[in-house]
Amino acid sequence: MSSLTPVEINVLRDPKVYLLSKQSMVAGELDRFLADHGVSWTSDSSVAAEVVTETAGRVCYMSFAKPRPGGNQAYLSHIKEVGHGSVFEHAVWTFLITGVSRSLTHELVRHRAGWAYSQLSQRYVDESVAEYVEPDIIADDPELHAIWQDAIAHVHVAYVKLAEKLNSKLADPMAATAALLPPDADRTTRRKTARQAARSVLPNATETKITVTANARALRHFLEQRGSAFAEPEIRKLAIVLLDLLAADSPSLFGDYEKHPLPDGTSEIKTKFPKV
């Protein structure tokens with residue numbers, strides 16, 4: 001291990017989330033539906049996700065003519081109270097998440113119903129740029145941080161050397177054939193094959209990027225499960241970031257959540273309307 005060349009490690013500790021897309025209403029279509037059924041109704045919300053959710057709920061009982069007072073916020077609060085969360089599945093957001101570890105995404109993709117994922121490929125993308133996510137409990141202790149950083153530096157240099165040597169090896173037609181590649185495999189194919197083998201030494205701490213699309217009901221489940229004090233700390237950080245974005249974008253759907261401080265300086269997420 002001492003023969004490995006030291007490498008500059010870019011250490012990340014907090015996720016970054018980009019809200020790529022959210023719903024919009026198709027102009028005139030809701031009014032056309034209402035006119036076709038002889039009713040007049042207008043939501044007091046300007047947030048498409050909230051209007052779509054309220055509309056879906058009202059269609060179930062055709063309760064447009066004499067709506068309860070309180071508008072969209074009161075209507076969706078009642079939905080939470082009675083647990084009719086299926087209408088929340090009509091509200092959808094897409095996020096691009098970066099600065100998270102492969103360990104986190106292994107947990108994230110366990111959320112299946114109501115979710116879609118597209119994640120960075122280690123077979124095609126070169127991981128020679130050293131970016132890794134360090135757990136706070138290690139980063140905050142100088143001795144533990146030094147051990148972690150040394151381990152990461154060694155495996156990263158090993159990855160780079162393996163990728164380089166495998167790529168050179170596969171330029172030999174006999175080696176390429178043995179790896180089930182064409183004898184004259186192009187450089188892109190050789191690099192992909194080299195990287196997919198070399199990545200075997202990369203740790204769970206390796207930074208990754210993932211595009212996520214999810215509906216409001218699935219996101220509420222995620223916030224409650226991963227925003228818990230008992231959740232893994234890194235994914236709890238992500239839950240807090242997502243909550244801040246969602247509560248600002250759609251307060252009627254996510255404004256019931258509260259953040260409660262924890263002894264480690266982070267927060268947990270709670271609501272009086274769980275499991276909607």
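Listed here are the residues, each with its yes/no results for (1) without any contact (Cβ under 8 Å) to a residue 24 or more places away in the chain; (2) assigned to a helix (DSSP H, G or I).
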position: Ile147; (1), (2): yes, yes
position: Asp150; (1), (2): yes, yes
position: Ala153; (1), (2): no, yes
position: Ala163; (1), (2): no, yes
position: Asn167; (1), (2): no, yes
position: Pro182; (1), (2): yes, no
Legend entry - Residue pairs meeting the criteria (Cβ under 9 Å; at least 6 apart or on separate chains; first within 25 Å of Ser252 (Cα to Cα), in region 262-276; second outside any loop (DSSP other than H, G, I, E, B) and among the hydroxyl-bearing types (Ser, Thr, Tyr)): Phe273/Ser77
Legend entry - Top-ranked residue in region 20-47 [being touching a residue at least 24 places away in the same chain (Cβ under 8 Å) and among the charged types (D, E, K, R); ranked as nearest to Arg58 (Cα to Cα)]: Asp44
Legend entry - Subset of region 118-129 that is surrounded by 13 or more Cβ atoms within 10 Å (Cβ to Cβ) and in contact with a strand residue (DSSP E or B) (Cβ under 6 Å, 6 or more places away or on another chain) - its residue that is farthest from Leu242 (Cα to Cα): Leu120
Inset, instruction - Could you give me the residue pairs with C-beta distances under 7 Å whose first residue belongs to region 122-134 and is in contact (Cβ under 8 Å) with a residue 60 or more places away in the chain, whose second residue is outside any loop (DSSP other than H, G, I, E, B) and exposed (fewer than 13 other Cβ atoms within 10 Å of the Cβ) wherever it lies, and which are 6+ apart or on separate chains? - result: Ala130/Asn10; Glu131/Asn10
Legend entry - Tally, over region 76-107, of residues that are crowded, with 20+ Cβ neighbours inside 10 Å, under 11 Å from the mean Cα position of the chain (by Cα) and in a helix (DSSP H, G or I): 2
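The rows are residues; the columns are (1) surrounded by 16 or more Cβ atoms within 10 Å (Cβ to Cβ); (2) basic (Lys, Arg); (3) at negative phi.
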position	(1), (2), (3)
His156	yes, no, yes
Lys161	no, yes, yes
Glu164	no, no, yes
Asp172	no, no, yes
Thr177	no, no, yes
Pro182	no, no, yes
Arg190	yes, yes, yes
Arg195	yes, yes, yes
Ser200	no, no, yes
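A short reminder: the numbers here are calculations on the coordinates, not readings from a lab. Predicted model, so just to flag it, every value in this text is computed and none were measured. Neighbour counts run over all protein chains shown; Cβ positions are idealised from the backbone, glycine included.
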